[in-house]
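Here is the structure we will look at.
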Amino acid sequence: MDRRTFLKVTASTAAATLAAGRAAAAVTSDPVAIDALHAQEFRRKRRFVKLPAGKIAYVEDGAGPTALFLHGFPLNSFQWRHAIERLSMHRRCIAPDFLGMGYTEVNDGQSVGPDAQVDMLVALLDKLGVRDVDLIANDSGGAVAQLFLVRHPGRVRTLLLTNCDTEIESPPAAMLPVIALAKEGRYVDEWLAPWRADPALARSPAGIGGMCYSNPANPTDEAIETYFAPLLVSPRKKAFANAYAVALERNPLAGIAPKLAQVQVPTRVIWGMADTIFSPANADYLDRTLGNSRGVMRFETGKLFWPEEYSDIIAEEARRLWDATKPYST
């Protein structure tokens, strides 16, 4: 067998092995096996780009018009793994890790507040040659999305907002203890470190699982490791993660309503009504404030990080928003 033939056979075998692994996980419906494969693929697809703010980590998959996914706190782009898998056949999906979160490395003295996140996203899109995007956002990523929208309306084709900060609730009351601990440099060590050390605690009613997920099996061990390990790797990373929380104390959306009303970008709001962090009143605020709202879809079981659990809803609603001829569900 010559070298070229050997390489072809090896590549085919590797692809078949990965496909078989995916199929086996799907058949058993084992979330541990499934997420292990997702984590493996995310590590393989993770890229880095140097920008003025630092070395930005992001994941990219698919081709065509770009969809930009903005994650929540204290998560990273791994939050969107299931949605990207469903939508990469329709869009070039790009999901960055925010400044201070995930695997992004922030330059000394760099702000990690919402305004700085917007600037980073603009620089990232410019670097990647992206003119405009379909924005999809959750939690604090939703605040960044709104700021991006009013500052760069010509760069947004559509906006899909899920449970997130709004002008009337930013930060939510549930964030105040987090911000207080972060100011003292204690949040990462006292909350995230125990959750990483004890995934069962993380999934308990007292953990991020009970607070932000509907399924008691979430977040998976792989998700816990992917979210929290990079934030605990060094005192410097801990400091930036704490700074991210502190930066949420000042309402970055104060006074934004008139600007949101002026923007005519088609926007759809999807709200999980079991959310204990953000009030359902935020969905109504967005619907009446956005200049071109396509209405609100509400569903009873979704908590704050429901986009990670109900990626089928994200995919279905995103495609409807991208194709105005398709009717909306309510």
_Among the residues of the range 114-125, are any among the β-branched types (Val, Ile, Thr) and not in a helix (DSSP H, G or I)?_
no
*Just checking, which of Leu304, Leu253, Leu232 is among the hydrophobic types (A, V, I, L, M, F, W, C), surrounded by 18 or more Cβ atoms within 10 Å (Cβ to Cβ) and out of contact with any Cys (no Cβ under 8 Å at 6 or more places or on another chain)?*
Leu253
*Filter the range 262-305 for residues that are small (Gly, Ala, Ser), over 19 Å from the mean Cα position of the chain (by Cα) and assigned to a helix (DSSP H, G or I) and give the result.*
Ala281
*Run down Asp189, Asp119 and say which single residue is out of contact with any strand residue (DSSP E or B) (no Cβ under 8 Å at 6 or more places or on another chain) and crowded, with 16+ Cβ neighbours inside 10 Å.*
Asp119
_Any hit, the range 107-123, residues being farther than 24 Å from Met211 by Cα, polar (S, T, N, Q) and in contact with a helix residue (DSSP H, G or I) (Cβ under 6 Å, 6 or more places away or on another chain)_ = yes
_Residues of the range 231-246 classified as more than 30 Å from Thr301 (Cβ to Cβ) and part of a helix (DSSP H, G or I), total_ = 9
*If you go through the range 82-99 one residue at a time, do you hit one that is among the polar types (S, T, N, Q) and either out of contact with any Gly (no Cβ under 6 Å at 6 or more places or on another chain) or free of Cβ contacts under 8 Å to residues at least 12 places away in the same chain (or both)?*
no
*When the range 256-282 is examined, which residues are found to be in contact with a Cys (Cβ under 9 Å, 6 or more places away or on another chain) and of a type in the set (Ser, Thr, Tyr)?*
Thr276
*Since Ala324 meets every condition but one in (1) part of a loop (DSSP other than H, G, I, E, B); (2) surrounded by fewer than 21 Cβ atoms within 10 Å (Cβ to Cβ); (3) in contact with a helix residue (DSSP H, G or I) (Cβ under 9 Å, 6 or more places away or on another chain), which condition does it not meet?*
(3)
*Since Lys259 meets every condition but one in (1) charged (D, E, K, R); (2) touching a residue at least 60 places away in the same chain (Cβ under 8 Å); (3) part of a strand (DSSP E or B), which condition does it not meet?*
(3)
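Just one of Ala229, Ala173, Ala182, Ala243 is over 29 Å from Arg43 (Cβ atoms) and of a type in the set (Gly, Ala, Ser); which is it? Quick ask: steps written out before the conclusion?
Values: Ala229 fails: over 29 Å from Arg43 (Cβ atoms); Ala182 fails: over 29 Å from Arg43 (Cβ atoms); Ala243 fails: over 29 Å from Arg43 (Cβ atoms).
Criteria check complete, one pass: Ala173.
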*Taking Asn251, is it in contact with a Phe, Trp or Tyr (Cβ under 9 Å, 6 or more places away or on another chain) and among the polar types (S, T, N, Q)?*
no
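No lab work stands behind these numbers, since they all come straight from the coordinates. What you are looking at is a predicted structure, and each value in this text was computed from that prediction instead of being measured. FYI the Cβ positions are ideal-geometry reconstructions off the backbone, even for glycines, and counts take in every protein chain you see.
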